[in-house]
Amino acid sequence: MADKLKVAIVCDWLTNMGGAERVVFELHKLYPDAPIYTSQYDPDLKVWYGWNQLSDADIRTSWLQRLPKSLKKFLPVLRAITFPRIDLSGYDLVISSSGAEAKSIKTGPQTLHICYCHSPTHYYWKRYDEYLKRPGFPKGTNWLARLSLKLLVAPLRRWDRVAAQRPDILIANSTHTQEMIKKYYKRDSVVIFPPVDIDRFRVKGEPEVRRGFVTAGRQTPYKRIDLAVSACTELKLPLVVIGNGPEHAKLVKLAGRNVTFLTAVSEEDIAKHFQSSLAFIFPTNVEDFGVTAIEAMAAGTPVIAYRKGGPEDYIIPNKTGLFFDRQTLSSLKQTLENFNPNRFDAKEIARFSENFSRDQFAKRIRQLIDQSLKDFRRSPKNQ
């Protein structure tokens, strides 16, 4: 039955490496003949498994492809105009992977539309204030971006709520996202965790001797890597900071001699750092899920995280990691002082991470799609 389905995949954009792109690739593996509709696509996309895993896909871009790639995250109005005009009513099944405008794709009464929602659109809802402070436009034009966002946010929020009603089924990537979907879109959803490449981080052979702590990610304000740097500096704990971003210079100034920064690290070396650390510090400000934390767990490494958002789905205190309850330096320091690596079993943590593997994602998505198609065909509008 599934082989005869006419399927399309939709996503907001394909221009950088991230969790949404991982989901698109896994959907492409399930439906390799399905075209992928998106606003913009970078054929030189550097992706998570070492090469562009979408190079054989039928990727169909919009007119926005002709605009500069650097503007792809700052064109919500144009995407909001573009996606609803893409008519996919000729397909049996449309799967959108969206944290922005792709969920608004047009489908007909005979088409089942399932949306994998990474989050209600950040720049309209929970991170509106952050985008207002740092719009990310070229120097000298941020004032215009701020003014536009202030003027347009009310109608765009109304548009986003309406767009979120278009899919027949919503999938949330975490229980936190599920709560946000209910809060902002007034809709129920089912949770299916995103795919994580567990095998790439799994310890093979003799385990490394574990020393110090590690944190990783794009160095932006909401990631709060400054907390990890300051806490380890004051406690004189060794810390490796992997990544780069606009906060990098600030973080270097905060750091003591015990903090090492690595801005250009291969995937293999990232795995080795995860495998040889006592714990992964994940201080981010309410992450929707947090794939990097699961990658650390796949290496057998416990995670120390702020107790809000995605980490509540996978941190079991004193088994897979620890929480700190307030996003403050003193709260994180107290947790680090109470951290005892001997309480944790690396093999048990690695086994737990398998619940978030690519295979588990594919299995759960397939089950949901099969059941949803059966229910959809039995629904009154399809009789």
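Every number in this text was worked out from the coordinates using simple rules, so none of it is lab data. Keep in mind it's a predicted model, so treat the numbers as computed, not measured. Here the Cβ positions follow ideal geometry from the backbone for every residue, glycine too, while neighbour counts run over all protein chains shown.
A few comments on the model shown:
- For residue 277, residues with placed amide H under 5 Å, excluding near neighbours: 211
- Residue 4 paired with residue 325, simple spin-label distance in nm, labels 7 Å along Cα-to-beta-carbon: 5.9 nm
- Listed peptides 233-242, 18-27, 259-268, 289-298 by packing density, highest first (mean Cβ within 10 Å): 289-298, 18-27, 233-242, 259-268
- Placed amide H near residue 187: partners under 5 Å, 5+ positions off or other chain: 182
- Along principal axes, Cα extents of the chain, largest first, whole Å: 65, 50, 37
- Dipole of segment 198-355 [Lys/Arg +1, Asp/Glu -1 at C-beta], most positive-end residue of 317, 259, 300: 259
- Projected area averaged over orientations for segment 159-203, convex hull of C-alpha atoms, nm²: 4.1 nm²
- Charge dipole of the chain (Cα centre as origin; +1 on each Lys and Arg Cβ, -1 on each Asp and Glu Cβ, all else neutral): 1240 debye, rounded to the nearest 20.
- When you count the other C-beta atoms within 10 angstrom of each residue and take the mean per peptide, 5-17, 361-373, 177-189 line up highest first as 5-17, 177-189, 361-373.
- Close amide H pairs (under 5 Å, H built 1.01 Å from N) link residue 260 with 239, 240, 241, residues at least 5 positions away or on another chain.
- Additional length obtainable on full extension of the chain from residue 210 to residue 154, 0.36 nm per residue less Cα span: 15.1 nm
- Whole-Å semi-axes of segment 224-285's equivalent ellipsoid (Cα gyration tensor): 18, 14, 11
- Label-to-label distance, residue 61 versus residue 199, with points set 7 angstrom from Cα along the beta-carbon direction: 3.1 nm.
- If R0 is taken as 56 Å, the Cβ-Cβ distance between residue 85 and residue 348 corresponds to a FRET efficiency of 0.65.
- Dipole-positive endmost among 289, 249, 342 within segment 198-355 (Cβ charges, Cα centre): 249
- Value of relative contact order over segment 79-128, rounded to a whole percent, pairs C-alpha under 8 Å and six or more apart: 37 percent
- Residue 78/residue 338 FRET efficiency (R0 35 Å; Cβ-Cβ; nearest 0.05): 0.10
- Dividing the mean sequence gap of close Cα pairs (under 8 Å, 6+ apart) by how many residues segment 184-329 holds gives a relative contact order of 25 percent.
- Volume per residue of the C-alpha convex hull in segment 198-355, rounded to whole Å³: 99 Å³
- Its relative contact order, with pairs defined as Cα atoms under 8 Å and 6+ residues apart, puts the chain at 13 percent.
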